[in-house]
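To start, the structure itself, in structure tokens.
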Amino acid sequence: MAIQFSPEERNWLDRVAAAAQELGLETYLVGGFVRDKLLSRPTKDADFVCVGDALALAQRVADTLKPRPAVSLFKTFGTAHVQWKDGWDLEFVGARRESYQSDSRKPTVVPGTIQDDQLRRDLTINALAISLDPDRFGELVDPFNGLQDLQDKILRTPLPPAQTFTDDPLRMMRTIRFATQLGFTIEEGTWEGICEQADRIRIISQERITDELNKILLAEKPSVGLDLLYRSGLLERIFPQLVALRGAEYIDGHGHKDNFYHTLQVLDNLSRHTTDLWLRWAAVLHDIAKPQTKRFEKGHGWTFHGHEVVGGRMVPKIFTQLKLPLNEHMRFVRKLVELHLRPISLTKENITDSAIRRLLFDAGDDFDCLMLLCEADITSKNKQKVNRYLSNFQLVRERCREVEESDQIRNWQPPITGEVIMQTFGLSPSKPVGIIKDSLKDAMLDGVIPNTYEAAHAFMLEKGKELGLTPVSS
Ligand code: ATP
Ligand code: MG
């Protein structure tokens, strides 16, 4: 493993090295950037540690870069942030020594050596440093054999795991996140440390936890991380509703599937087709209400009636609990959870155009996402079954395309608005207006009238007459 710097990287590296030399500061490139370069992963965030005044170094570097970058100095923390062109993000921090007291989350921080600074990092692969000093430029400073761990794909804490994880319990989540993103194995002692310290996660803010959770969900195979979180005991503490899906119950020899591992497989299936975080969240939550809706019906077996509706109602609560945004992303996830059984009901025979139009109307622009979720929801081990279900969904997609082409339902706006209805019959906002609007929508979706203004207008007059209304002359 050797580091190859691009000409662009050489450009700012040389400037940092020159500025450090002018100021007489021992300086290193450190952490995630070194790790990612060694792994040939693309990265634009570089962290520098200098033994001394990082703010002065950042300022000097910024003065020599063209175009002049934006510099933010955080005096209280002794860190500085330089944002340069093309998305380059350079962070500067003075080497520090941290000591934690068990009764406080905040460490006492004092200036230290590069070794002190490497010791306070979470994993050996994140503690690698590259010297920028002129006489040893490019030399790897690797006190914990991080390079070997990188080659062996091992995640290990530099200090005894109990200490690293009690000092900052978020590191447990980070370790599992890296295991998921990089496909690395967590070293045995480090894993035991996580299992033992899992309860400490309660002192970490929800935002930081959720940030890691989202990174896990965005990995190529997110199930790896969710399973590790489950087995370590962390998931129980941060997301108990998901753990409640675990296990299968048996009555009279009838069992149901383990909905936790089913959900993980749906998530992995879906992740092969999308990197959209919110669509992935919809996979995580699609069956979340199965424990609450589970019934055993004699002679029939296990049912989960209404789990999509109850699950939909749980979405805002879970988003609030996890401090996920309560905006259109939440509404999207909720909608997909609520609709996730609908395409299945359309794989039966003799499906009317009306049922197809209703799905298109309800799913709107999220129709394609919904179909991806439904296809990912097939987790049978029987290949033939999987293929049969997939080709059924293919037929649903085709039917939907045909109906959409002729009727344009997905972004349907009623050609006759409530305003027009009120004007036509001289009404103020009242019940009959709603009745006419709803019956217009139903008539259109049921194919009673075509999707045109004229047809809708005639239908409105007809419906008004039924309700005993007379149009006012205009
Ligand atoms: P990513 O950028 O993908 O989130 P990263 O490892 O680069 O991963 P950053 O938050 O950019 O994470 O942090 C940069 C470096 O700072 C890390 O590589 C690690 O050395 C150190 N670090 C970050 N967070 C912690 C922590 N909670 N405990 C110890 N060291 C940490
Ligand atoms: Mg980083």
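Within the stretch 42-53, work out how many residues are surrounded by 24 or more Cβ atoms within 10 Å (Cβ to Cβ) and more than 14 Å from ligand 2 (Cβ to nearest atom).
Within the stretch 42-53, residues that are surrounded by 24 or more Cβ atoms within 10 Å (Cβ to Cβ) and more than 14 Å from ligand 2 (Cβ to nearest atom) number 1.
Going by the conditions given, is PHE319 in contact with a strand residue (DSSP E or B) (Cβ under 9 Å, 6 or more places away or on another chain) and of a type in the set (A, V, I, L, M, F, W, C)?
For PHE319, the condition - in contact with a strand residue (DSSP E or B) (Cβ under 9 Å, 6 or more places away or on another chain) and of a type in the set (A, V, I, L, M, F, W, C) - is not met.
Looking at LEU346, LEU390, LEU370 in this structure, which one is in contact with a His (Cβ under 8 Å, 6 or more places away or on another chain) and of a type in the set (A, V, I, L, M)?
Answer to the check: LEU370.
Can you find, within the stretch 21-41, the residue that is nearest to ligand 2 (Cβ to nearest atom) among those that are under 16 Å from MET1 (Cβ atoms) and part of a helix (DSSP H, G or I)?
Per the criteria, the residue is GLY32.
Of the conditions (1) surrounded by fewer than 19 Cβ atoms within 10 Å (Cβ to Cβ); (2) in a helix (DSSP H, G or I), VAL109 satisfies every one except a single condition; which number is it?
So VAL109 meets the others, but not (2).
Looking at LYS431, LYS463, LYS381, which one is surrounded by 15 or more Cβ atoms within 10 Å (Cβ to Cβ) and without any contact (Cβ under 8 Å) to a residue 40 or more places away in the chain? Even if it seems obvious, please write down each step before you answer.
Details: LYS431 fails: surrounded by 15 or more Cβ atoms within 10 Å (Cβ to Cβ); LYS381 fails: surrounded by 15 or more Cβ atoms within 10 Å (Cβ to Cβ).
Selected residue: LYS463, the only one of LYS431, LYS463, LYS381 that is surrounded by 15 or more Cβ atoms within 10 Å (Cβ to Cβ) and without any contact (Cβ under 8 Å) to a residue 40 or more places away in the chain.
Just to verify a result, which residue in the stretch 26-82, among those that are more than 27 Å from the chain's Cα centre (by Cα) and acidic (Asp, Glu), is nearest to ligand 1 (Cβ to nearest atom)?
Step by step, filter the stretch 26-82, then rank; the result is GLU26.
When the stretch 245-276 is examined, which residues are found to be touching a His at 6+ places or on another chain (Cβ under 8 Å) and either on the phi > 0 side of the Ramachandran plot or surrounded by fewer than 18 Cβ atoms within 10 Å (Cβ to Cβ) (or both)?
Selection gives ALA248, GLU249.
Can you tell me how many residues within the stretch 54-106 are away from ligand 2 (no atom under 16 Å from the Cβ), on the phi < 0 side of the Ramachandran plot and surrounded by fewer than 16 Cβ atoms within 10 Å (Cβ to Cβ)?
So the count comes out to 20.
List every residue pair whose Cβ atoms sit under 7 Å apart, with the two residues 6 or more apart in sequence or on different chains, where the first one lies in the stretch 17-33 and is assigned by TED's automatic domain parsing to the domain that holds ALA54 and the second, anywhere, is of a type in the set (D, E, K, R) and within 16 Å of ligand 2 (Cβ to nearest atom).
Cβ pairs passing all conditions: VAL30/ASP47; GLY31/ASP47; GLY31/ARG121; GLY32/ASP45; GLY32/ASP47; PHE33/ASP45; PHE33/ASP47.
Which members of the stretch 234-244 meet the condition of being among the hydrophobic types (A, V, I, L, M, F, W, C) and surrounded by fewer than 17 Cβ atoms within 10 Å (Cβ to Cβ)? First the steps, then the outcome.
Let us first name the residues in the stretch 234-244 that are among the hydrophobic types (A, V, I, L, M, F, W, C), namely 234-235, 238-239, 242-244.
ALA244, the sole residue that qualifies.
Report whether or not GLU192 is at pLDDT 95 or above, more than 15 Å from ligand 1 (Cβ to nearest atom) and either acidic (Asp, Glu) or closer than 30 Å to VAL61 by Cα (or both).
Numbers: at pLDDT 95 or above: yes; more than 15 Å from ligand 1 (Cβ to nearest atom): yes; either acidic (Asp, Glu) or closer than 30 Å to VAL61 by Cα (or both): yes.
It is true that GLU192 is at pLDDT 95 or above, more than 15 Å from ligand 1 (Cβ to nearest atom) and either acidic (Asp, Glu) or closer than 30 Å to VAL61 by Cα (or both).
Can you tell me how many residues in the stretch 121-138 are surrounded by 14 or more Cβ atoms within 10 Å (Cβ to Cβ) and touching a helix residue (DSSP H, G or I) at 6+ places or on another chain (Cβ under 8 Å)?
Of the residues in that region, 11 qualify.
Can you confirm whether the stretch 102-116 contains a residue that is touching a strand residue (DSSP E or B) at 6+ places or on another chain (Cβ under 8 Å), in the same structural domain as ASP53 (by TED's automatic domain parsing), of a type in the set (A, V, I, L, M, F, W, C) and at pLDDT 95 or above?
Within the stretch 102-116 (the criterion being touching a strand residue (DSSP E or B) at 6+ places or on another chain (Cβ under 8 Å), in the same structural domain as ASP53 (by TED's automatic domain parsing), of a type in the set (A, V, I, L, M, F, W, C) and at pLDDT 95 or above), the answer is yes, since at least one residue qualifies.
The values are calculated or read from the model by the stated rules, or taken from the named source; none is laboratory data. As the structure is a computational prediction, the values presented were derived from the model and not from experiment. When we count neighbours, we look across all protein chains shown, and the Cβ atoms used for this are built from the backbone with ideal geometry, even at glycine.
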